[in-house]
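Inspection log for the structure reproduced underneath, given as structure tokens.
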Amino acid sequence: MILLQTLSTDSFSAADSLGMDAAGQNIGLLDLLIKGGYMMIPLYLLFILAIFIFIERLMTLKKATATSSHLLDQVKVLVSSGQIEKAKILCAGEKTPVANMIAKGIERIGSPLKNIEVSIENVGKIEIYKLEKNLNLLATVSGAAPMIGFLGTVAGMIQAFIAIAQEEGMVSPKLLSEGIYEAMITTAAGLVVGILAYLGYNYLVTQVSKLVHSMEYSSIEFIELLQEK
């Protein structure tokens, strides 16, 4: 009975001392990121790459959607009145996917309607390719970051258990817990990078789809204008 009381007292004392150490030690975010180990380096690089791609694509899409709402109406008036050169100049001033498609159609006026449609479609494909540039890379980041984080955790756990195996005598709970939480940091960081990249990718894909629909609508209206002539 006395032995049980002694063991119980010792265990509570150890738990209290661990709790005091844990409470007295303030671990900041920067400290956690540093403790993640060398596997955090590729995660940092992937995070920077994801942010760069997202901002660059966002600015590109913003410029691409800056087409004047009255562009097609003005082109209709100019083409109907035979002012083809003014219509070309108007489209050239916009420098957007929609304007580039219409400009190509204006250049082909006088050719068979089928040839005009093909020319507009070809320009549209090129413009869509430009809009989707690096989106696949952003999707790759969203999938690779969690996997790299998990790999870092596995490597960290292996190192932690090797350190525990090399310990002589009783292994302290503090050593065990520190090894585990340091190993788990890479998984958390990988998930954060992956989630942010995934959300950014889906947002950009949605914006590209909206712009593609606008391009299709504008090309259809332009073809209908030529059919009415």
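The values are calculated or read from the model by the stated rules, or taken from the named source; none is laboratory data. What you see is a predicted model; the values in this text were computed from it and never measured. Because the Cβ atoms are built from the backbone with ideal geometry, glycine has one as well, and the counts that use them run over all protein chains shown. Note: accessible area is taken over every heavy atom of the protein model, side chains too, but ligands, DNA and RNA are not part of it. Shrake-Rupley method; radii C 1.70, N 1.55, O 1.52, S 1.80 Å.
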Exposure ranking of 57, 108 by accessible area [1.4 Å probe, largest first]: 108, 57
Residue 76 accessible area, 1.4 Å probe, all protein chains in place, Å² to nearest 10: 60
Chain lengthening between residue 41 and residue 89 when straightened (0.36 nm per residue, less Cα-Cα): 12.3 nm
Per-pair calculated FRET efficiency, R0 = 25 Å: residue 52 and residue 132 via Cβ, rounded to 0.05: 0.90
Sequence-separation-based contact order of the range 40-139, relative, with Cα cut under 8 Å and 6+ spacing, percent: 27
Net length gained if the chain between residue 63 and residue 162 were fully extended (0.36 nm per residue, minus Cα distance): 30.2 nm
Along each principal axis, Cα extent of the range 30-120, largest first, Å: 71, 25, 15
18 Å cut-off, amide nitrogen to a point 7 angstrom out along residue 118 Cα→Cβ, residues in the range 197-229: 223
Residue order for 184, 170, 147, 157 - accessible surface, 1.4 angstrom probe, largest first: 170, 147, 184, 157
Share of Cα-Cα pairs in the range 111-170 lying beyond 17 Å, as whole percent: 68
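Taking 26 Å as the cut-off for C-alpha to C-alpha distance, list the pairs among 86/133; 88/125; 62/114; 63/125 that go past it. Walk me through the numbers before you get to the answer.
Details: 86/133 32 Å; 88/125 20 Å; 62/114 32 Å; 63/125 18 Å.
Listed pairs above 26 Å: 86/133; 62/114.
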